[in-house]
Every structure is written in structure tokens, then in C-alpha cells.
1. For Cα extents along the principal axes in Å, the listed values are [x] 55, 53, 39; [y] 60, 51, 34; [z] 68, 47, 35; which was obtained by calculation from the structure presented?
2. What is the sum of charges, Lys and Arg at +1 and Asp and Glu at -1, for the other residues whose Cβ falls under 14 Å from the Cβ of Arg73?
3. Between Thr63, Thr23, Thr99, find the one with the highest GNM mean-square fluctuation for the chain; connect C-alpha pairs within less than 10 Å.
4. Could you check which residue among Cys207, Cys237, Cys294 shows the biggest mean-square fluctuation in a GNM of the chain with a 10 Å Cα cutoff?
5. Multiply the residue separation of Phe21 and Ala245 by 0.36 nm, subtract the distance between their alpha-carbon atoms, and state the gained length in nm to one decimal.
6. Restricting to DSSP loop positions (anything but H, G, I, E, B) with no more than 16 other Cβ atoms inside 10 Å of their own Cβ, which GluC sites (Glu not before Pro) remain in segment 156-235?
7. When a/c is below 1.5 the answer is rounded, else prolate if a/b is larger than b/c, else oblate, so apply that to segment 171-283 with a ≥ b ≥ c taken from the square roots of the Cα gyration tensor eigenvalues.
Amino acid sequence: MAAGDVKEEAQISAVREFNRFYTARLGLLRKRHLDGDFSLTEARILYEIGASPGLTASFLRETLGLNAGYVSRSLALLSKRKLVRQRASKQDGREKLLTLLPAGDRAVARLNEQSALQIQGLLADVNSTDRVALLESLAKIRSILGESKGLGESKGLGEPKGRSVRVVRLSESNEDAIRLLQEYYEAVNVVQRDTPEAIQEIIDDACSGVWLAYLDEEAVGCVVLRTLGSIPFAGECKRLYVQPAARGHRIADKLLDAQEDFARSRGLRWIYLDSYDDLKVAVALYRKRGYVSCERYNDNPQATVFLRKNIAPLP
């Protein structure tokens with residue numbers, strides 16, 4: 001056997017060994033996820049629908065890498081339990097648009113709470129230094145596997161084929177930015193809103209910025225970064241928004257990736273953000289990306305959740 005073959009075999013063995021470790025450690029082999037009422041696949045289906053209301057069954061199949069029959073049976077069961085609603089798309093009668101019914105919303109909230117408690121238990125005996133190392137390692141794994149051509153094109157990994165996503169930092173404000181920010185304000189009932197002049201000031205600031213995400217050349221998402229004068233080497237993430245119809249393409253992640261890369265290039269070490277308890281999906285995304293709880297750092301009257309992330313490059 002050639003040396004290259006031996007090396008590749010050892011790499012495959014190492015990944016498989018880690019897979020066996022984390023599937024057992026996270027309890028993924030149990031018949032019911034988190035010892036609750038759903039299998040792991042059912043729980044994931046509910047989560048995806050809750051995170052992207054109106055997604056289609058075919059998109060769900062591609063995202064999770066499941067065959068049509070399995071998804072159809074799972075959706076039929078969840079619909080029978082009055083957790084999921086399926087309705088025909090007006091654009092394509094062959095497609096089913098999926099949303100959660102009130103019981104489904106409650107089920108996802110319980111799953112999120114149970115999952116958070118499980119991870120909290122796993123981290124209970126991990127010191128703060130090792131936690132930072134763990135989160136950075138998880139982010140690195142996700143980045144490498146997400147960008148890997150061989151894995152990214154595997155069914156169920158990466159984003160669905162046939163859709164082009166690009167993220168652009170604006171050099172001046174435009175109608176797309178104003179439109180998306182207005183949609184964001186209305187969607188989450190923002191009280192303190194930025195004027196167009198304030199947005200242009202953020203764009204003109206060398207350490208701040210506004211990013212737009214385009215899906216097949218249509219602007220569908222945005223995020224804002226502004227410097228925090230009260231905290232050295234820190235910026236604040238604001239206005240992260242992706243239109244409901246465009247969700248499921250990792251657009252929020254791509255926006256945050258672009259924002260963090262830019263902030264790091266400007267010498268920032270921390271990104272702060274605020275949110276509130278009802279935005280459970282958004283808060284879960286931030287925590288998944290390595291944001292941790294911190295003390296209140298502003299006077300936003302709507303905010304109840306305060307998070308920050310260390311983005312300083314590793315030595």
C-alpha cells in the first residue's frame with residue numbers, strides 16, 4: 001500500500017472515530033431525540049420548518065439529504081399530529097409549503113430548551129479557556145467541511161444546488177438596503193430605527209459597514225456592523241435579516257462570515273449584539289456561531305439578551 005493511501009486511511013479512521021464519539025456523547029443513537037416525543041430526524045424537520053416558515057418539501061429533502069418517501073411519511077405523521085401544516089404553492093401546485101401549527105411551535109420551543117439544557121450540562125465541567133477553544137474548533141470544522149468541494153456537494157451537506165449566493169459590502173446606501181432594513185424593522189417591531197443618513201454614516205466609517213446578500217442576483221438579506229465607542233477593539237452586529245422565502249441557504253451564516261472577516265481585518269477583537277427572548281431562532285444561531293452571554297452594554301429598551309464573540313485570530 002502506498003504511503004498516500006496509508007495516510008488517507010488513517011484520516012478516514014480518525015474522522016470515523018470522532019463520529020462514534022460525538023454521536024454517543026450527544027445521545028444521537030437513542031430512539032427518541034433528547035428522550036422526548038420525536039426521533040432525531042423528526043426533531044430536525046420541525047426545527048428547519050420553524051426556522052424557515054414556508055419552505056418546500058423538496059428543499060427540505062435536499063437540505064437534510066433524505067429521500068422523498070421518507071420525508072413524505074414524516075411530514076404526513078407530523079401533520080396528523082397537528083404539528084405541521086402543508087399547503088400547495090400558488091407558484092407551483094406540485095410543491096408543498098410547510099409551516100408549523102401552534103402545537104408545532106410549542107414542540108420546537110421545548111426541543112430548543114431541552115437541547116440547550118443538554119449542552120449546558122456537557123459544558124458544565126469545561127473551563128472558560130477550553131470552552132473558547134472548543135467553540136473555535138467547532139467553527140473551524142464547520143468552515144472546512146462547508147467549503148470542501150467533495151463534502152459540500154454531497155447530498156444533504158452544503159446548500160441546495162442551482163442557487164447562487166453572494167455577499168457584498170456596500171460603498172453607498174441603495175434602495176435594496178433601505179427596503180431590507182425596513183422589512184427587518186417591521187418583522188421584529190424595532191423601536192430605535194436608523195435613518196438613511198445614519199446608515200450612510202455607518203457605510204462611510206472605515207471600521208463599520210453594511211452587507212447585502214444576493215440570492216440569484218436578488219437582494220434578500222442584510223447585516224450591519226458598527227463600532228462600539230464605549231468598548232475598545234469592539235464592534236456591534238445589528239440588523240441581521242433574511243427574507244423568509246430565501247431562508248435555508250445559509251445566507252445568515254454567509255452574512256456573519258463576511259462581517260466577522262471584515263471586523264478581524266480592521267483589528268477588532270470582539271463583536272457584541274443584543275436581541276430579545278422571543279427571537280429564539282436568531283439567538284440559537286448566534287450561540288451556535290460562538291456567541292456567549294455578557295452583561296448589558298447599551299440602553300436598548302427592547303433588548304433582553306446580550307451576547308459577544310471573541311473574533312481575535314488564534315496566536
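Taken together, the values in this text are just the output of simple stated rules run on the coordinates, not laboratory data. Everything numeric here is computed off the predicted structure, so don't read it as measured data. Virtual Cβ from ideal backbone geometry, glycine too; neighbours counted across all protein chains shown.
1. Correct label is [x].
2. +3
3. Judging by the Gaussian network model, the answer is Thr23.
4. Cys294
5. Details: separation 224, 0.36 × 224 = 80.64 nm, distance 3.66 nm.
Contour length minus Cα-Cα distance gives 77.0 nm.
6. The qualifying sites are Glu172, Glu217.
7. It is rounded, given that a/c, with a ≥ b ≥ c, falls under 1.5.
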